[in-house]
1. Give the number of residues within segment B:126-142 that are facing another protein chain (nearest Cβ under 7 Å) and over 26 Å from B:Asn101 (Cα atoms).
2. Given the residues B:Gln93, B:Gln154, which is the only one that is under 30 Å from A:Asp466 (Cβ atoms), at the interface with chain A (Cβ under 7 Å from one of its Cβ atoms) and outside any loop (DSSP other than H, G, I, E, B)?
3. Using the structure shown, decide if A:Glu3 is without any contact (Cβ under 8 Å) to a residue 60 or more places away in the chain and open to solvent by 50 Å² or more (accessible area, probe 1.4 Å).
4. For segment B:351-399, what are the residues that are out of contact with any strand residue (DSSP E or B) (no Cβ under 6 Å at 6 or more places or on another chain) and under 17 Å from B:Gly458 (Cα atoms)?
5. I'm checking my understanding of the structure. Among residues of segment B:117-142 that are among the acidic types (Asp, Glu) and farther than 11 Å from A:Glu61 by Cα, which one is farthest from the chain's Cα centre (by Cα)?
6. On the basis of being away from chain B (no Cβ under 14 Å), surrounded by fewer than 19 Cβ atoms within 10 Å (Cβ to Cβ), within 30 Å of B:Glu433 (Cα to Cα) and not hydroxyl-bearing (Ser, Thr, Tyr), does A:Lys299 make the cut?
7. Among the residues of segment A:8-47, write down those that are more than 7 Å from chain B (Cβ to nearest Cβ) and open to solvent by less than 20 Å² (accessible area, probe 1.4 Å).
Amino acid sequence: MQEVEKIVNGKDLFKRPEYQDVLANKKQFESSMLAINPAKVEEIAEWTKTWDYREKNLARESITVNPAKACQPLGAVMVALGFEGTMPYVHGSHGCVAYFRSYFTKHFKEPTPCVSDSMTEDAAVFGGLVNMKEGLKNCAAVYKPKMIAVSTTCMAEVIGDDLMAFIIAAKEEDKGEFLPAEYPIPFAHTPSFVGSHITGYDNMMHGIMSQLTEGNKGETKQRINIIPGFETYIGSLRSVKSIVEAFGTDYIMLGDHSDQWDMPAGNYEMFSGGTKLDDAKDCINSSATISLQKYSTSKTMKMVEKRWKHAGGHSNPIGLKGTDEFVMKLAELTGTEVPQKLKTERGRLVDAMQDSYPYMHGKKFAIWGDPDFLLGLVSFLLEMGAEPTHVLCHNAPNGWEAEMRALLDTSPAKDSLNVWAGKDLWHMRSLLFTEPVDFMIGNSYGKELMRDTGTPLIYIGFPIFDRHHLHRYSISGYDGALNLLTWITNKVLDQLDEDTKQIATTDYFFDLVR
Amino acid sequence: MGPETLEAKQKAAIEEILKAYPEKAAKNREKHLGVGSPNDENQKTCGDVRSNKKTVPGVMSQRGCAYAGSKGVVWGPVKDMIHISHGPIGCGQYSRAGRRNYYIGVTGVDTFVTMNFCSDFQENNIVFGGDKKLGLCIDEIETLFPLNNGITVQSECPIGLIGDDINAVAKTKAKEIGKTIVPVNCEGFRGVSQSLGHHIANDAVRDYIFEGDLSHIDISDVTPTEYDVAIIGDYNIGGDTWSSRILLEEMGLRVVAQWSGDATMKEMALTPKVKLNLLHCYRSMNYISRHMEKEFGIPWIEYNFFGPSQTIKSLRKIASFFDETIQAKCEEVIAKYQPMIDAVIAKYKPRLEGKQVMLFVGGLRPRHVIGAYEDLGMEVIGTGYEFAHDDDYKRTKEEIFRSTVIYDDVNEYELEAFVKKLQPDLVASGIKEKYVFQKMGLPYRQMHSWDYSGPYHGYDGFAIFAQDMDLAINSPVWAHSKAPWEKEG
């Protein structure tokens, strides 16, 4: 029973004898197969740690277990929230939107606006035109967004709704009362059974860019567009902006959700920050466009290069080398020397790396996440002399595996470094049991791997539900690399303390100074 | 503020809120907003609101889908089965481990609740159908997770649209592997909310647990007794079922099953033999409780373990179904916990008295928790459900004690407007709304998952509830919203 002076929640409550009795009582009604007894459970649990299990597990072709990817519309919602006053509008059943909103909200601890047009059975039979016409009108009337960005769910895709025709019909319906002809309603097809959330990011960015810039081609301006990609680190967006600003150049960040998912307390406004729509319309006239995530923007960048004919291309400013390349690209595009501010920042980072390298050198890591994130992080690990033993990308697009392999091949330890494209986190579990590593780097789903395998987890990635505020920091630029260095090194030191803290047995190595 | 003024204010708020909508939407939403009062003559609902209707398109509804109702609520917590999210990757990923359905077991070996199994549909599965893939998924599950006691197939949207026959696959494969395979046609577009998913899931329990071939489930070692009961519709959020179960066991009853939080197939198979079904979440599991009443003659009663007043009422109601021994023990249990509850109330009531609350949740909580707040001297001035039916609102009417604004399927815009106009001291709702109100500097508790605390059920749970509400309302952090250099007013 609770004691009023020390009320405890479930964590401690259920450890008490009376609750242990409840759980023991329950056991007699639980097990349904005679074969299942504690010894059998133990036997199977041990078997899941073996090479035999690993082989069977890796041979899997049909069932996905504990994936490390999400579906297209999630990325589309992120893009929309990166533009001024823009409401993400998902054409389909509202269940999906409840999920997207919850998922982002749980990661960012921030509100995530997004509407759907709540399609149900009748829409499945007759199509979603009625929902779209009414939904766009209601959305415009109630939330008064400056733009509505429409993406689809698998439902709308399977029944084959014609978005462009529907949007035109919606605008004609109310004679412009709610949706004037010039009201921007860009759209993208984002079927969940193609690609992953990064594909949806690309499709929606392409949709917004192509629609807003249409007919706006004019004089080229000395200005650089930056497309961040599916970037969940708010601090990274700010780091990148500060690097570009250091060059004194004019720039537009296309899809800047940093203020939307980092609103100050006080008055709540549904939309905050974002790329100005006027800038987005004019971005076609910039002289260059740099995408920070190659695999999250491939379709968009094809348009930028082929149709807009912009210079720039890709640059992934994670880690020292990645940031150097980004800085040099900016120097080249602007014809400016690298500013002293950045030279100083770089020097500080290198100083820090030289201070900490002994603790990362030779350490084995397992890491998973999105393709571009992994290229950046692995590059940084290699710069520190660490060994990324297992690099797993569930949503690896064509070409990624070869690129990652080539990167790993630059390491002296290359023969023991493995790329796992298209694999999930249950595969990772087998890899960790059979070929253990010192640390894992990944999202919150890694905590179950940590529990099962005992491998310490360094939280870097998306989604992170069970740790607070990491997304507010940067992982890009020289300051971002310093954050990575700090998080990783200190986790290594934490673990060293953990391993040596036994009094009078191991604590000779429990050093006060490191 | 007298009740008349509050009621007038509530009605004015509704009127003003409706003005933002285009005509058709306003007409629709008007039916879902009302002011309920205990003297309300309308017997059908509370505040005369209509419910279980289609959501207005284009607004930010907080509703989920049928898949969420089946996989996320009813089937997902059954721990010794593997639940396949059948279709593309998203639904399973977004619903993974979101509901805090606590359980004991070796995850990945004999229990699977927090894992995500998905057939991960690709374009060719949409074009050529996914039945073959489903069969292969089941084979792989059998190889890698041999201690699963059964499998459910939770259909995502495309399954129904492309006309896959998961029922046939389930039938064939079940024969092959000698275990139960439950196909659940809970595609997200079905119905207007997660509610239909609960119903579909209940029907699947009926067809595949009660009427299916359970030859692989051995229940012969459990001999029925006169005091056997089952807990139905408790999902063990943060351990709720455990803090409920302890009271029933203390009063001499034998809980042979709990659904579906921390449930196993064997427990479900034992349920048709109990003497009484105890229904906590009426909305999600009244269907199967009614079915058991009709088919097996098992009576069911609703109970409410939120707050001591309702808990005492419910314990006595449950005891009244049994003999005097149980009734006497029930009084002993009530007496045993009373001093602790008195101490909790003595400690927290002075800090919470008179504070006003606005609720918006699903299931049973918009009415069941009213009593718990009242036990602490707090007042619920607004409440509503994401996916209720008329009978839920009828039951709500019995719980309110003053004029209360009632909002069915309230969307983000409306809830924000209600809160701004009625200015409660606490908003208690879901994750999607949480940070909207916290940013306004309003104390908030997430009442779907107890904000990562809990349990809230039972006597022990009430102590945690009281402590959490105090923590929320009386935290010093809310005073920091306004900077010291900002002017008053």
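The values are calculated or read from the model by the stated rules, or taken from the named source; none is laboratory data. Computed from a predicted model, the values in this text were never measured in an experiment. Quick reminder, even Gly has a Cβ in these numbers, built from the backbone with ideal geometry, and neighbours come from all protein chains shown. Only protein heavy atoms, including side chains, enter the accessible area calculation; ligands, DNA and RNA are left aside. Shrake-Rupley method; radii C 1.70, N 1.55, O 1.52, S 1.80 Å.
1. 3
2. None of the others qualify; the one that does is B:Gln93.
3. yes
4. Residues satisfying the conditions are B:Leu364, B:Arg365, B:Arg367, B:His368, B:Val369, B:Gly371, B:Ala372, B:Glu374, B:Asp375, B:Leu376.
5. B:Glu123
6. Against the criterion (away from chain B (no Cβ under 14 Å), surrounded by fewer than 19 Cβ atoms within 10 Å (Cβ to Cβ), within 30 Å of B:Glu433 (Cα to Cα) and not hydroxyl-bearing (Ser, Thr, Tyr)), A:Lys299 does not qualify.
7. Residues satisfying the conditions are A:Val8, A:Lys26.
Let's see how each residue does on (1) crowded, with 21+ Cβ neighbours inside 10 Å; (2) within 30 Å of B:Lys175 (Cα to Cα):
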site	(1), (2)
B:Asp218	no, yes
B:Asp234	yes, no
B:Ser243	yes, no
B:Glu250	no, no
B:Glu267	yes, yes
B:Pro272	no, yes
B:Ser289	yes, yes
B:Leu315	yes, no
B:Ile326	no, no
